[in-house]
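Scroll down for the structure; my scribbles are underneath it.
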Amino acid sequence: MPQHQPGITAPVPRVSRYLSFQLRAGTDVRPALARLRARPMDEGAVVGLGPALVATLDESIEALREFPSLVGPGITVPSTPAALWVWLRGDDPGALVHAGRGWAGDLEKALALDTVMDGFFYDVGRDLTGYEDGTENPTGDKALAAAVVSGQGPGLDGSSFVAVQRWAHDLDRFQGLSQTDQDHTIGRRRRDNEEIEDAPESAHVKRTAQESFDPEAFVLRRSMPWAGADGEGLVFVAFGRSLDAFEAQLRRMVGLDDGITDALFRFSRPLTGNYFWCPPVKDAHLDLSAVGL
Ligand code: HEM
């Protein structure tokens, strides 16, 4: 029975550490991937393979592609390719530091650690703007239908695709807006998290309303705030049974559907953009048969 990686559907943890890796030129990545496969998979980590890593194995995952770099009025959405992504999840930041060192050590001969970013749970699960994030996520069977591949055969069933973007907020700018303008930026009231029916078309939840797409574009979001010397914002993470639902939402946010851009861009911008394929799990280990291992 194919299984998805358990960390995908588990609730957002207290703390996260996101590692991204780049391929070292001229090395064989297979021994590193064999070590990855030897690790028991539980809720403590989610692993994603990037398009270049899959290509270097002379394999392809049909629905996996590189993150698109998009341009809209005054908006740049960058694509920042990486070979591998590891999302470490837990309660204790120190434990995640040590876990990350273990993962990086296993991979280092073929995959160089490129970026490390810590995320944290804020209050009841808020973005740093103070708005609750994740309200309209599908749950139960609907979450599985949105986020997990099925009906495509062994090696692919149970897998998932993930879009990851690190967004940097200008919180001074956001906090300089009136309460009404802040609520209209998101399309919900911060006070009680109620959706505002007559919010402007640029409101974020109007841009991304999942039922409003044809076909409907449901994703499973698992984003968390980050903060550091270079600012603060959101590590946006969305799992899908393909990348199409996320990409349809993003294109509409950028104004590529109807010329209306998402009001989020008035105070926040993406610094990174990645797509990964998250292999299924078999007997509590990653099943890498779809990429020839
Ligand atoms: C600065 C970055 C972002 C912030 C702060 C943010 C915040 C929020 C908040 C507060 C909500 C309302 C509550 C909820 O349903 O979760 C929301 C909804 C949503 N967001 Fe975002 N978001 C960001 C980026 C994105 C991106 C890049 C996408 C996809 C391309 C996206 C997709 C969605 C979707 C699908 C919903 C639910 C819409 C619905 O069906 O009602 N968000 N977001």
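The values are calculated or read from the model by the stated rules, or taken from the named source; none is laboratory data. No experiment lies behind these values; they were computed from the predicted model shown. Don't worry about glycine lacking a Cβ; one is built from the backbone with ideal geometry, like all the others, and counts go over all protein chains shown. SASA here: full protein model, heavy atoms, side chains in, ligands and nucleic acids out. Shrake-Rupley method; radii C 1.70, N 1.55, O 1.52, S 1.80 Å.
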List the strands (runs of 3 or more DSSP E) that sit entirely inside the stretch 36-98 and contain at least 2 residues that are more than 16 Å from the chain's Cα centre (by Cα) and in contact (Cβ under 8 Å) with a residue 12 or more places away in the chain.
-> 70-72, 75-77
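Every residue, every condition in (1) under 27 Å from Leu171 (Cβ atoms); (2) under 17 Å from the mean Cα position of the chain (by Cα); (3) of a type outside the set (A, V, I, L, M, F, W, C), yes or no:
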| site | (1), (2), (3) |
| --- | --- |
| Arg221 | yes, yes, yes |
| Gln249 | yes, yes, yes |
| Arg252 | yes, no, yes |
| Asp287 | no, no, yes |
Residues of the stretch 157-202 satisfying the condition of being in contact with a Ser or Thr (Cβ under 8 Å, 6 or more places away or on another chain), closer than 23 Å to Leu243 by Cα, within 11 Å of the ligand (Cβ to nearest atom) and of a type outside the set (Val, Ile, Thr) = Gln165, Arg166, Trp167, Ala168
Tell me, please, whether a residue that is aromatic (Phe, Trp, Tyr), within 30 Å of Asp192 (Cα to Cα) and in a loop (DSSP other than H, G, I, E, B) can be found in the stretch 116-123.
-> yes
Please state which one of Ala143, Ala168, Ala112 is in a helix (DSSP H, G or I) and either under 29 Å from Leu88 (Cβ atoms) or in contact (Cβ under 8 Å) with a residue 12 or more places away in the chain (or both).
-> Ala143
Qualifying residue in the stretch 24-33 (condition: open to solvent by 40 Å² or more (accessible area, probe 1.4 Å), over 30 Å from Gly140 (Cα atoms), out of contact with any Lys or Arg (no Cβ under 8 Å at 6 or more places or on another chain) and free of Cβ contacts under 8 Å to residues at least 60 places away in the same chain) = yes
Can you find even one residue in the stretch 76-85 that is within 30 Å of Thr180 (Cβ to Cβ) and open to solvent by 80 Å² or more (accessible area, probe 1.4 Å)?
-> yes
Within the stretch 86-136, restricting to residues that are open to solvent by 60 Å² or more (accessible area, probe 1.4 Å) and among the polar types (S, T, N, Q), the one that is nearest to Leu177 (Cα to Cα) is Thr135
